[in-house]
Each structure stands twice: as C-alpha cells, then as structure tokens.
1. Of the residues that make up region A:360-376, is at least one more than 30 Å from residue A:115 (Cα to Cα) and touching a residue at least 40 places away in the same chain (Cβ under 8 Å)?
2. Does region A:114-127 contain any residue that is touching a strand residue (DSSP E or B) at 6+ places or on another chain (Cβ under 9 Å) and farther than 19 Å from residue A:313 by Cα?
3. Of these, A:69, A:95, which one is assigned to a loop (DSSP other than H, G, I, E, B), in contact (Cβ under 8 Å) with a residue 12 or more places away in the chain, within 14 Å of chain B (Cβ to nearest Cβ) and under 23 Å from the mean Cα position of the chain (by Cα)?
4. Does residue A:343 satisfy being touching a strand residue (DSSP E or B) at 6+ places or on another chain (Cβ under 9 Å), modelled with pLDDT of 95 or more and within 13 Å of chain B (Cβ to nearest Cβ)?
5. Please enumerate the residues belonging to region A:321-340 that are within 14 Å of chain B (Cβ to nearest Cβ) and closer than 18 Å to residue A:293 by Cα.
6. Which of the numbered conditions does residue A:320 fail, given that it passes all the others? Conditions: (1) crowded, with 17+ Cβ neighbours inside 10 Å; (2) touching a strand residue (DSSP E or B) at 6+ places or on another chain (Cβ under 8 Å); (3) under 30 Å from residue A:159 (Cβ atoms).
7. If I filter region A:113-131 down to residues being surrounded by 15 or more Cβ atoms within 10 Å (Cβ to Cβ) and more than 20 Å from residue A:163 (Cα to Cα), which single residue comes out as farthest from the other protein chains (Cβ to nearest Cβ)?
8. Return the only residue of A:17, A:82 being surrounded by 15 or more Cβ atoms within 10 Å (Cβ to Cβ), in contact with a helix residue (DSSP H, G or I) (Cβ under 9 Å, 6 or more places away or on another chain) and part of a loop (DSSP other than H, G, I, E, B).
C-alpha cells in the first residue's frame, strides 16, 4: 500500500450549500437544520471536499439515485478524503453492482428473514435483561455504552458463532473503520487486516469441526456453478456482517432511548399500548435514521434536474430523505403512531439492508425490555450526550438517570 | 354494495423490506429470501381492507397495488 494518507484537519464550514462536510462538528451535533437549509437550496448540492461529492437532499432525489445502478456505483460506499484503489470483494454485496450483486445478496438473505429472527428473539431478551441487571441498581447509566452498544454486538456474534466476550474487539474495529478511517486510511487498513486474521482463525477451526452458524453457512455456500465462494468473498461478507450489524443498530437503539428519555408522553403511551411498539419503532427509524450510504458517479447524468458528473462521490443520506416534509407531514416531529411511513432508513432499491429484520427485532426487544424494567428515566442534567461522527449517527455517550425525576 | 379488493406485489420492485407482512400478515407471504408476494390470488377477505391499504402506503418501494374490483 503506497498511498496511505495522513489525517487532514477539515476547515470549519461557513457555507453549507456550496461546501458541506458531514464530518463537521456542527453536522455531528445537530444535522437537521443543515439538511433543511440544503433542501431549500436545491434537490442536489455539491462540495469540493472529499475530492468532489454531491448530496441529494430530497426523498425523491435519494430514491432516483438508489434505483440507478447504471450511473451510481456501490464500489465505494464511504465518502472519505481519499479514493484508494478498489479492492476486489471488498464487502459483497454492499460493495457490489449488478450483475454480481444479486447472487451475493441472495446468499445472505435466508438467515435474516423475519422468521429466522423470531428464533433469535428469546436470546435477545435474555441479553437485554443481563445488561439491565448490570446497572439498574446504580440509579444512573450511560445507556449508549452499557446497553445499546452491546445488544447488536452480542446478537451478531451469536449469529456468526464467535464469542460474545470478544465484543470490545469488534467495537474497536468498527470505530477504526467508520470514524477514524474517514480521515486516516492507515487505521482503516489496520482494522480490516485484523478482522480478516480473526475470521481466518475461525474459518480454519470450522474446516475440521463445522458448526451451525453464519461462518460455516458462508463456507458451505455454493455459487451458481456449484463452486464454493472464494476465501476473499467469504471474508468480505463476514467483515460486512460484523461492521454493518453493530454501530447501526447501536445508534438506532441509543437514539430511541434518547428520544424516550426526553419525551415522557411517548414513553407512557408505549407502556399503556404495547401493541403500538412496531409502529413506534418505524417512526423512530424514520426520525433518527442512523445510516448514510454513498455511491460513486461512474457516468454523467442528472438527478431531479441537476447535472451530476462522473468521478464525484455521492453522500446518499437516507436520514435527510426521511426528514423531507414533501414526503412526510410534520417530518421534524416524532409521531409515534404515524400510519403511513415509507421511510428509507434501510435504504431503497437493490441494496436494501440485509439485516433490516434483525435490526427491527433488536430495537423492539431492547425498548420493550427497557420499558418493562425502567418505565421512568430522563437525561442526566449533570452530564452531556455526545454523537458519533461520520456516516452512522447515534449517541455514543447517553447519560441517563433511572427512575422518576426529582 | 361493498367493493372487493385484491392486492398484488410487483416482484421486480419488491426488495424484501417485509413491511407488508408485518402490517397485513393475512394478505402477504415471504419467500426464502424474505421477498413478498400476495397470499393466494390476492383477494382481500372482508374486514381486512384497511390492512391492504396500510400495507400499500408503507411499502418503501411502491411495489404493492390494491386493485378495486
């Protein structure tokens, strides 16, 4: 690797419409007014940062791009300061375009259907209660660091068949790839190498002793010609499942608890009407969608009447689409019984999140078990909430006081 | 006279969000990949009309048609 970049400090943004930057502290802290400003200016905005990047600001423009795999490639899916050479089998199917995408995606879908998730649910409820047992007597907790974070980590570790006790290792890799890696490529490469080495060990073990988990499932998978997958494909998909499944859902659970901590009326309603929970989860996913994806423009085209030039990246903000008032009445309000909700939190088009059913189940279980045992809670006024930087947004520090406010 | 409804999922548009199955389990089924299709010939039994419309209005891919017959 010859072109490993050094981290570069970004100048603060003063002109959001012509110079946006999703790593700016103001965006990290409160992106919603920024998105409104950008949407009012144009359905597609552009920045010279990140070697050139567009951002669709409306639901319709996001949909157009998500459905256009001819002009918008998924070969690069993180907007970063550099454009290193493309790796083969980076993380299929999320980094795949047609025609390679479909077989890679279909391979991963069966273990993640709603029925498959139902079988996992009892384990998830037990995990949530074990975590609550660990802090409920303390009277306060960092709900991001001690609850939200460990639910998806332990779920995906359970599915992959790797020790749940390695959770902190996975969390560190994800931090290096999704946060530090945006500006410091060496951190990203180091994490990818460490993950691959970790999974190689687990693959080796399963060659003599097959197991009933996702690692063995991928090792035994066959392509259309009946051939096993290349090792790089298996490793790429394993890295994807680990990365994609964790800080995304951690963020969604954290944002939901943050909302409920400061909205007693919604909390009380969910306790009184437990059947409303699935609808509420969809609304929390809409209002606090964690995941922003990216595409690379590979052919000149136009989106919502705006010209788009090849060679630029696209920041594909599903969270901003979900705040478009043209699509969602009262888009800036959380309406926990919203009936019509075509939110794009899990993406649109062929790259719909493979783990959407898992994420929904985890969110529902995490909120239900929390509310059963902690019906009253509030943000700790003596501490501050901090948010992650980059392409996955959620609280990273969420200090909460348990019990009725004094 | 009450009109009869029929639901139909466009398999080329469905991406397996499974919102229809969650909202109207009587009217939709999922295949092994989690992609949806209408149950049987898609006829909506009396009393489930509201669920048919709800499924349509929550499909992110606009893949569901409700046909009034």
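The values are calculated or read from the model by the stated rules, or taken from the named source; none is laboratory data. For clarity, every value in this text was computed on a predicted model and none was experimentally measured. Here Cβ is always computed from backbone atoms with ideal geometry, including for glycine, and neighbour counts include all displayed protein chains.
1. Narrowing region A:360-376 to residues more than 30 Å from residue A:115 (Cα to Cα): A:376.
From the residues that got through so far, the ones that are touching a residue at least 40 places away in the same chain (Cβ under 8 Å) too are A:376.
Looking through region A:360-376, at least one residue is more than 30 Å from residue A:115 (Cα to Cα) and touching a residue at least 40 places away in the same chain (Cβ under 8 Å).
2. Initial filter on region A:114-127 (touching a strand residue (DSSP E or B) at 6+ places or on another chain (Cβ under 9 Å)): A:114-115.
Restricting the remaining residues to those that are farther than 19 Å from residue A:313 by Cα gives A:114-115.
Looking through region A:114-127, at least one residue is touching a strand residue (DSSP E or B) at 6+ places or on another chain (Cβ under 9 Å) and farther than 19 Å from residue A:313 by Cα.
3. Values: A:95 fails: within 14 Å of chain B (Cβ to nearest Cβ).
Being assigned to a loop (DSSP other than H, G, I, E, B), in contact (Cβ under 8 Å) with a residue 12 or more places away in the chain, within 14 Å of chain B (Cβ to nearest Cβ) and under 23 Å from the mean Cα position of the chain (by Cα) holds for just one of A:69, A:95, which is A:69.
4. On the way: touching a strand residue (DSSP E or B) at 6+ places or on another chain (Cβ under 9 Å): no; modelled with pLDDT of 95 or more: yes; within 13 Å of chain B (Cβ to nearest Cβ): yes.
When the stated conditions are applied, residue A:343 does not pass them.
5. Of everything in region A:321-340, those that are within 14 Å of chain B (Cβ to nearest Cβ) and closer than 18 Å to residue A:293 by Cα turn out to be A:321, A:322, A:324.
6. All conditions pass for residue A:320, except number (3).
7. Restricting to residues being surrounded by 15 or more Cβ atoms within 10 Å (Cβ to Cβ) and more than 20 Å from residue A:163 (Cα to Cα), the top hit is A:116.
8. Details: A:17 fails: part of a loop (DSSP other than H, G, I, E, B).
Selected residue: A:82, the only one of A:17, A:82 that is surrounded by 15 or more Cβ atoms within 10 Å (Cβ to Cβ), in contact with a helix residue (DSSP H, G or I) (Cβ under 9 Å, 6 or more places away or on another chain) and part of a loop (DSSP other than H, G, I, E, B).
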